[in-house]
Amino acid sequence: MPSDAKILIVDDHEDTLYALESALAPLGYRLVRATSGDEALKQVLRGQVGLLLLDVRMPGVSGLDVVRYMRRLEQTQHIPVILLTGFGADHELTSTAFALGVADLVMKPIDPWALRTKVRYLFDAHRRHLALEHEVRELRALVKDHGEHAEENAARRPLPHPDARVPVQRAQGAHTGELEQDRT
């Protein structure tokens, strides 16, 4: 992931956005904000989002709707998401969130230290994952180029003489050590 990767914070309450930005500022990551699900989707589709902190309940497009849409697109399906909720523990919400592949579900009010720890881990893991994917693509391209060149070189080389493939015959009894015994 390029160095301009960002963490997108999405909540429809300005005071919550400010609190989240204040909690995450010590990490030194680039933070951007959105105040609706629609705005969040637009930001995510523009690219360079390495982590999404997303309020579950917002007017219009909910946080769960955003995650559902993201998981259907190849370019966004692996972006880690931390869902935020102020409505307490809800078994149905928890089940749905984790079934969608959400990394964590955090209850408000948020413990800044715990949030920073989770964000640092998920953001850095996602960056490492993308770096590995990039390296794999480069290696596959090298192998493909090498394979094409090997085929070209093989086409230019003369074929070996048919007798060159016949294995050398061993003297009878050589496999049992009889020849060595006869010499002594």
Could you order Arg72, Arg116, Arg128 so the one with the most accessible surface comes first? Probe is 1.4 Å.
Arg72, Arg128, Arg116
Please list, in order along region 56-62, the HN-Hα scalar couplings obtained from phi with the Karplus expression 6.51 cos²θ - 1.76 cosθ + 1.60 (θ = phi - 60°), rounded to whole Hz, x for Gly and Pro.
6, 9, 9, x, x, 7, 7
Relative contact order (percent) for region 11-74, with alpha-carbon contacts under 8 angstrom and 6 or more residues of separation?
35 percent
Could you give the size of the charge dipole of region 49-122 about its Cα centre, using +1 on the Cβ of each K and R and -1 on the Cβ of each D and E, expressed in debye and rounded to the nearest 20?
180 debye
Spelling it out for Ile9: with amide H atoms placed in the peptide plane at 1.01 Å from N, the residues 5 or more places away or on another chain with amide H under 5 Å from its amide H are Val32, Arg33, Ala34, Leu53
Of region 16-42, those with amide N under 16 Å from the point 7 Å along the Cα→Cβ vector of Ala131 are 29
Would you mind pulling out the separation of the Cα centroids of region 66-103 and region 1-31, in Å?
18 Å
Suppose each label sits 7 Å from its Cα in the direction of the beta carbon; what would the Thr94-Arg116 distance come out to in nanometres?
2.8 nm
Could you work out, for region 20-152, what percent of all Cα-Cα pairs fall into each 10 Å distance bin, beginning at 0 Å and stopping at the bin that holds the largest distance?
11, 38, 30, 11, 7, 3, 0
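The values are calculated or read from the model by the stated rules, or taken from the named source; none is laboratory data. For clarity, every value in this text was computed on a predicted model and none was experimentally measured. Cβ coordinates were reconstructed from backbone atoms using ideal geometry, including for glycine residues, and neighbour counts include every protein chain displayed. Surface areas here come from the heavy atoms of the whole protein model, side chains and all, with no ligands, DNA or RNA. Shrake-Rupley method; radii C 1.70, N 1.55, O 1.52, S 1.80 Å.
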